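Peer 1: The structure's right below; bear with me while I get my questions together.
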Ligand code: 6R9
């Protein structure tokens, strides 16, 4: 397995044989059955046109897709709709105004229950308030908020009047916020005094106060009172409760073109400077609504859906705001962190609200593993029927833990691959159809042409590794990089002719299932082999002592690059020389000697973005003794300090 193979694009080292069939009752009643693949294959555009039919259109489209000028796509050409009407008004008009849209739980334990009718009234008022403040269709509005219902209301109010929102993670720095406001030339900023995180008020307004003087386009700042903490007040500031409460509660939603800009959202920046990804209206809403009901088998009358993401991440846009609300779902929204006031908070909430579908990230799952099995075991999780994962490759052991300890061995786990750029889920099992393999995202969804190709752009055979590409345009695709069409072309459409290049390494296993292997920029070149970070990390996590791990390739005089591993141990242990030697052996046994780390450094935490992605490039800086690159999207900058200091004290452990 370890001799150099000619033209090997990415090594396939890990093999996995466990498999799980969908539960029979779920399969029998599933929203989407196996025939959807054939239907979409027979006529992809007719398939997407049918899915667009689940929305209310003011004017029908006359062409499903205009791909005359690739890579610039137009979907549902000539069609007009209002996104907010589709998320709210039509459910109320259909008699579902009393259905709960959001069960909201604040971190301190305060709660709000908001029906579709109530949500609609608030969004109409907010739309009127924005209009009175001078916001017009096509203007940009920046949103810098905690996880409170007003964040969703603010986004929908923008959508209702055709303003383009740009949500920035509450917690990003002045640099990040002002940079994004200026890039979009936002006219209004919507923020809050603060939100609750880790048991205390976390101020947001001061960051806005420091950003606004750097942002000449900003005319008004609307402030929601959440924590009641002291804040400074400037002449551009207005309270949400003053302008929204006073606004007229009637508002007629106007239709906008299917290609009207809905939002700009900046990519996570794990490997490069953030890019403003532009999404438009009709195609985006079609695919988020379709995937939300297909991948989570959503039954709006009976399910309680919970996506644990922050709204400032694309996952929150598509699977807290637009997908669930377009489908008339009832959902839980939680303000705080999973360990406040105790490490069982998630499970307590699932028990309390009888959550049926949970969607969270591998980073959270690995953290729960680290905290121990006994914590979820104290709660009744029997309401759960589907578990989803998103954001990073999920290691097979984390997938198994999720299924066993949260899903009690009965709920399907759906590992969903997608990106800010794709707007909606692209590669994923269907819970009522797919036999799942732990760690694999399985196949492109119906209507999606996902493939794994080699350096030359040829499909790899089963067992081969390469790059994930999308061979056909899809409705919720990004339309461009805001203000930079050339960067859109260069980044996504130039690597392989006629294909979208996702920037992720991938492989096909012997059954043809797709496995995501991490960002191409993170791939390690060891003695002529391209080795994925994901496979080595999964091998480490499959050792019982390891809860989580990051690996990077550091320059090495002998092998080109050598693998440096940063594991976190279960139960917070520190590990000794014997354990480190054992871990190296374990990786060698699992993947082959080529994948043995040269150096292992046990760490208490890893550097992550706010959406939980490991920032390997910062670890590479540490492993190669360089000063750190751009850290503006890091969740906790103190982590890097700790790791850098520790690294200085480790020695080369290679034999
Ligand atoms: C939705 C989201 C996109 C990048 C993507 C990939 C990684 C996301 C994944 C996954 C393996 C999955 N990623 N889901 N990798 N398996 N199920 O995360 O968007 O923040 O733009 O990140 O995240 O590397 O290219 P975004």
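Peer 1: Run lengths n ≥ 4 of DSSP H only: what is the helix-derived mean residue ellipticity at 222 nm for the chain, with -39500 (n - 2.57) per run over all residues, to the nearest 500?
Peer 2: Mean residue ellipticity, 222 nm, calculated: -7500 deg cm²/dmol.
Peer 1: Right, another one. Taking 51 Å as R0, compute the FRET efficiency from the Cβ-Cβ separation of residue 510 and residue 214 and round it to 0.05.
Peer 2: Working from the Cβ atoms, E equals 0.40.
Peer 1: If one puts a single equal scatterer on every Cα of the stretch 464-525 and applies the Debye formula without solvent, what log₁₀ I(q)/I(0) results at q = 0.29 Å⁻¹?
Peer 2: Treating every Cα as an identical point scatterer, log10 I(q)/I(0) equals -1.24.
Peer 1: For the pair residue 31 and residue 577, how long in nm is the line joining their label points, each one 7 Å along Cα→Cβ?
Peer 2: Label-label distance for residue 31 and residue 577, simple model: 5.7 nm.
Peer 1: What are the equivalent ellipsoid semi-axes of the stretch 216-307, built from the alpha-carbon gyration tensor (square roots of five times its eigenvalues), in whole angstrom, biggest first?
Peer 2: 31, 22, 19
Peer 1: Can I ask one more? I'd like the orientation of helix 149-161 relative to the chain: the angle between its Cα long axis and the longest Cα principal axis, in ° from 0 to 90, rounded to 10.
Peer 2: Roughly 60 degrees between the two axes.
Peer 1: Here is a follow-up. Between residue 232 and residue 175, what FRET efficiency comes out of the Förster formula 1/(1 + (r/R0)^6) with R0 = 22 Å and r the beta carbon distance, rounded to 0.05?
Peer 2: 0.65
Peer 1: Using Stokes-Einstein with the Kirkwood hydrodynamic radius over Cα pairs, what translational diffusion coefficient do you get for the stretch 352-427 at 20 °C and a viscosity of 1.002 mPa s, in µm²/s rounded to a whole number?
Peer 2: In µm²/s, the coefficient is 166.
Peer 1: Starting from the exponent 0.38 and prefactor 2.2 Å, build the expected Rg for the stretch 67-189 from its residue count and divide its actual Cα Rg by it.
Peer 2: Compared with the compact-globule rule of thumb, the stretch 67-189 sits at 1.21.
Peer 1: Ok, one more. Would you mind computing the Rg to Rh ratio of the stretch 128-212 from its alpha-carbon coordinates, Kirkwood style for Rh?
Peer 2: 0.97
Peer 1: Need the C-alpha centroid separation for the stretch 472-503 versus the stretch 563-635, integer Å.
Peer 2: Measuring centre to centre over Cα atoms gives 32 Å.
Peer 1: What order do you get for 107, 16, 93 when you list them from fewest to most C-beta neighbours inside 10 Å?
Peer 2: 93, 16, 107
Peer 1: Using only Cα atoms, tell me the angle between helix 282-295 and the longest principal axis of the chain; keep it within 0 to 90° and round to the nearest 10.
Peer 2: For helix 282-295, the angle is close to 60 degrees.
Peer 1: Let me ask something additional. Evaluate the relative contact order of the stretch 377-442 (contact order divided by residue number), counting alpha-carbon pairs under 8 angstrom at least 6 apart; express in whole percent.
Peer 2: Value for the stretch 377-442: 32 percent.
Peer 1: I would also like to ask the following. Give, in nm to one decimal, the length gained when the segment between residue 113 and residue 484 is fully stretched (0.36 nm per residue of separation minus the Cα-Cα distance).
Peer 2: 129.4 nm
Peer 1: Compute the angle between helix 577-591 and the longest alpha-carbon principal axis of the chain, please, reported from 0 to 90 degrees and rounded to the nearest 10.
Peer 2: So the inclination is approximately 80 degrees.
Peer 1: What is the distance in Å between the Cα centres of the stretch 420-454 and the stretch 281-345?
Peer 2: Answer, in whole Å: 19.
Peer 1: Kirkwood-based Rg over Rh for the stretch 565-639 (C-alpha set), two decimals?
Peer 2: Ratio of gyration radius to Kirkwood radius for the stretch 565-639: 1.01.
Peer 1: Tell me, what is the percent relative contact order of the chain, built from C-alpha pairs under 8 Å that lie six or more residues apart?
Peer 2: Worked out over the chain, it gives 14 percent.
Peer 1: In nm, to one decimal, how far is the residue 198 label point from the residue 337 one, both placed 7 Å along Cα→Cβ?
Peer 2: Roughly 0.4 nm, to one decimal.
Peer 1: Which distance in nm do the two modelled labels at residue 241 and residue 494 give, with both placed 7 Å along the Cα-to-Cβ direction?
Peer 2: 5.2 nm
Peer 1: When Rg is the radius of gyration of the Cα atoms in the chain and Rh is its Kirkwood radius, what does Rg/Rh come to?
Peer 2: Rg divided by Rh gives 0.95.
Peer 1: Set the Förster distance to 56 Å, then compute FRET efficiency between residue 644 and residue 59 from the Cβ-Cβ distance, nearest 0.05.
Peer 2: 0.45
Peer 1: Sorting 215, 307 on the 10 Å Cβ count, fewest up front, what's the list?
Peer 2: The most exposed by this proxy come first: 215, 307.
Peer 1: At a 10 angstrom cut-off on C-beta neighbours, averaged per residue, how do the peptides 59-66, 591-598 rank from highest to lowest?
Peer 2: 591-598, 59-66
Peer 1: Can I ask one more? How big is the Kirkwood radius of the stretch 119-267, worked out from every pair of different alpha carbons and given in Å to one decimal?
Peer 2: Evaluated over the stretch 119-267, this radius sits at 15.2 Å.
Peer 1: Any idea how far the Cα center of the stretch 38-107 sits from the one of the stretch 155-201, in Å?
Peer 2: 25 Å
Every read-out reported here was derived from the displayed coordinates using simple, explicitly stated rules and does not represent laboratory data. What you see is a predicted model, and the numbers here were worked out from it, not measured in a lab. Cβ coordinates were reconstructed from backbone atoms using ideal geometry, including for glycine residues, and neighbour counts include every protein chain displayed.
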